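All remarks here apply to the structure that follows.
The values are calculated or read from the model by the stated rules, or taken from the named source; none is laboratory data. On a predicted model such as this, the values are computed, not experimentally measured, just so you know. Methodologically, a virtual Cβ is constructed for each residue, glycine included, from the backbone with ideal geometry; neighbour enumeration extends over all protein chains shown. Ligands, DNA and RNA are stripped out before the accessible areas are found, and what is left, the full protein with its side chains, is counted by its heavy atoms. Shrake-Rupley method; radii C 1.70, N 1.55, O 1.52, S 1.80 Å.
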Amino acid sequence: MNAKANVNPVSTGASDLAHIVLSFDNNDHARALYGQFDQNLALIEQRLGVDVRSKGNQVTIRGEPVATEQARRALDYLYDRVAAGGEEPVTSDVEGALRMAVAADDQLSLPTIAAPAKLAAAQISTRKKTVFARTPNQDAYIRALDRAELVFGVGPAGTGKTFLAVAHAAMLLERGAVERIILSRPAVEAGERLGFLPGDLKEKVDPYLRPLYDALYDMIPADKVERALAAGVIEIAPLAFMRGRTLVNAAVILDEAQNTTAMQMKMFLTRLGENSVMMVTGDPSQVDLPLGAKSGLVEALHVLSDVPGIVTVRFGEKDVVRHPLVGRIVAAYDANPNQD
């Protein structure tokens, strides 16, 4: 893999501003890093308040020392991804690299941790796509999925908790670590109206499971998804159909878990069988259960908090990786929890 040739800090004399020159060893990779009309460099300037200028295979960064170092880390990380055969970074990739670069400085507040020279983000790889963590909590989540048999991913919409769970399941299936994927969701929104929807059972519940399908098609070629669905290798079913089963050799995902009752959640969790992993995702602030009903997710997080082998990763507004406005919307609602 090609790599960045060097990093040259340049003294600015009496000025408090830092000045760093980055030299890359491959012009094509450097151009891909910069983006069309240097749009990726412009985004870094905007987010960190630094001055970033390119000339050939060199980038000069000037600005406040901490922000300048953050920009260096982000560019270094993105260049290594391009050099490793990745695609040209898009806006969301740059935003993710910046989140990770800024978060690294939070770690530096601990005196026992040295300043990281390079960023390293956890990743999930299938033949179709490689997904990199774009926030520290996404990084922790991906690493938890690798080591734990039961992982709770809890937080607001847009944080990637469901997408990463499906991506991890697809990776396990592709590698032969599991024999099937089972995706489930409570159909709370449908209620009694479910029976009036047209079609067979699959067609009735599909609208409520669409986000899971979307993630599957993003990680696995469409023709393989269709074959796997037809063969039962990938099963998508409402939560009620989990009762009485033991799920072995499977990657099992329960999405929108905040809409389970306490009994449903206990039922689901006790389906775990040999050589299986479970991933439970949900947002406790978006419960659609009838007034007065307690969320099974909320109860499980409390009851199982000290059980060995279970990992909970909590996402927040800073982990929202959709449009930046989504993060601000989440923050606004969190600041006004009692508004009707």
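If we keep just the residues of the range 124-159 that are open to solvent by 50 Å² or more (accessible area, probe 1.4 Å), out of contact with any Asp or Glu (no Cβ under 8 Å at 6 or more places or on another chain) and modelled with pLDDT of 90 or more, which is nearest to ASP76 (Cα to Cα)?
Only one residue tops the list, namely ARG143.
Go through the range 43-66 and give me each residue that's over 15 Å from LEU22 (Cβ atoms) and open to solvent by less than 50 Å² (accessible area, probe 1.4 Å).
Passing the criteria: only LEU43.
Which of the residues belonging to the range 27-56 are outside any helix (DSSP H, G or I), more than 16 Å from ARG72 (Cβ to Cβ) and touching a residue at least 24 places away in the same chain (Cβ under 8 Å)?
Answer for the range 27-56, where residues must be outside any helix (DSSP H, G or I), more than 16 Å from ARG72 (Cβ to Cβ) and touching a residue at least 24 places away in the same chain (Cβ under 8 Å): GLY35, GLY56.
Would you mind telling me which numbered condition in (1) under 22 Å from HIS168 (Cβ atoms); (2) at pLDDT 90 or above; (3) in contact with a Gly (Cβ under 9 Å, 6 or more places away or on another chain) GLN264 fails?
(1)
Quick one: in the range 96-123, which of the residues that are at pLDDT 80 or above and open to solvent by 30 Å² or more (accessible area, probe 1.4 Å) is farthest from the chain's Cα centre (by Cα)? Spell out the reasoning first.
Residues of the range 96-123 at pLDDT 80 or above: 96-103, 121-123.
Those still in the list that are open to solvent by 30 Å² or more (accessible area, probe 1.4 Å) too: 99, 102, 123.
Values: ARG99: 13, VAL102: 17, GLN123: 9 Å.
Among those that are at pLDDT 80 or above and open to solvent by 30 Å² or more (accessible area, probe 1.4 Å), it is VAL102.
Does the range 143-156 hold any residues that are within 12 Å of the chain's Cα centre (by Cα) and farther than 21 Å from LEU297 by Cβ, and which are they?
ARG143
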